[in-house]
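Computed from the coordinates by the stated procedures, all read-outs in this text should not be read as laboratory data. Quick caveat, the model's predicted, so the values are computed rather than measured. Glycine gets a Cβ as well: all are built from the backbone with ideal geometry, and neighbour counts include every protein chain shown.
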Amino acid sequence: MYLEKKIGVVIPAYNEEKLIGKVIETMPDYVDLIVVVDDQSQDRTVAVVQSLATSNKKIVCLEHERNRGVGAAIATGYIWARDHQVDVTAVMAADFQMDPEDLPRILAPVCKNECDYTKGNRLF
């Protein structure tokens with residue numbers, strides 16, 4: 001919970017076995033659900049996520065039956081989060097482009113009802 005809201009983070013993933021573990025392991029404790037959407041990776045991405053999920057019940061691994069692209073993976077994650085009563089959902093890349101420490105900057109305005117949507121950029 002963050003500011004009394006159930007928080008989910010969607011991580012679209014394609015061939016991210018090398019970095020996905022670091023992204024998941026550095027997720028702040030206030031994140032209630034980590035929804036990894038694998039877009040038919042050809043490496044061990046799913047195996048890495050499933051291994052972490054055995055000891056972390058916050059992790060959910062969804063798998064597309066065919067490669068549909070990052071937009072579809074994000075949409076799949078958003079739909080899953082909505083259907084599981086997540087109040088606020090953020091998206092983070094599976095290759096550690098975004099520092100999880102920056103999450104409060106994009107979550108707080110939504111959690112405080114100051115806006116409906118925020119977007120961050122790793123370059124600023």
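Return the residues of region 49-81 that are under 15 Å from Pro12 (Cβ atoms) and either among the acidic types (Asp, Glu) or over 15 Å from the mean Cα position of the chain (by Cα) (or both); say none if nothing qualifies. Glu63, His64, Arg66, Asn67, Arg68, Gly69, listed by residue number. Sub-9 Å Cβ pairs linking a first residue in region 98-114 that is loosely packed, with under 10 Cβ neighbours inside 10 Å to a second residue that is assigned to a helix (DSSP H, G or I), at least 6 apart or interchain, are Glu114/Ala108, ordered by first then second residue.
Checked against the criteria, Tyr14 does not count as over 14 Å from the mean Cα position of the chain (by Cα), on the phi < 0 side of the Ramachandran plot, crowded, with 16+ Cβ neighbours inside 10 Å and not β-branched (Val, Ile, Thr). Answer with yes or no whether Met27 is within 17 Å of Met1 (Cβ to Cβ) and surrounded by 12 or more Cβ atoms within 10 Å (Cβ to Cβ). Answer is yes for this residue. Checking the stated criteria, Arg122 turns out to be touching a helix residue (DSSP H, G or I) at 6+ places or on another chain (Cβ under 9 Å), more than 24 Å from Lys6 (Cβ to Cβ) and loosely packed, with under 15 Cβ neighbours inside 10 Å. Across region 1-23, what is the total count of residues that are closer than 30 Å to Asn113 by Cβ, in a loop (DSSP other than H, G, I, E, B) and touching a helix residue (DSSP H, G or I) at 6+ places or on another chain (Cβ under 6 Å)? Within region 1-23, residues that are closer than 30 Å to Asn113 by Cβ, in a loop (DSSP other than H, G, I, E, B) and touching a helix residue (DSSP H, G or I) at 6+ places or on another chain (Cβ under 6 Å) number 1.
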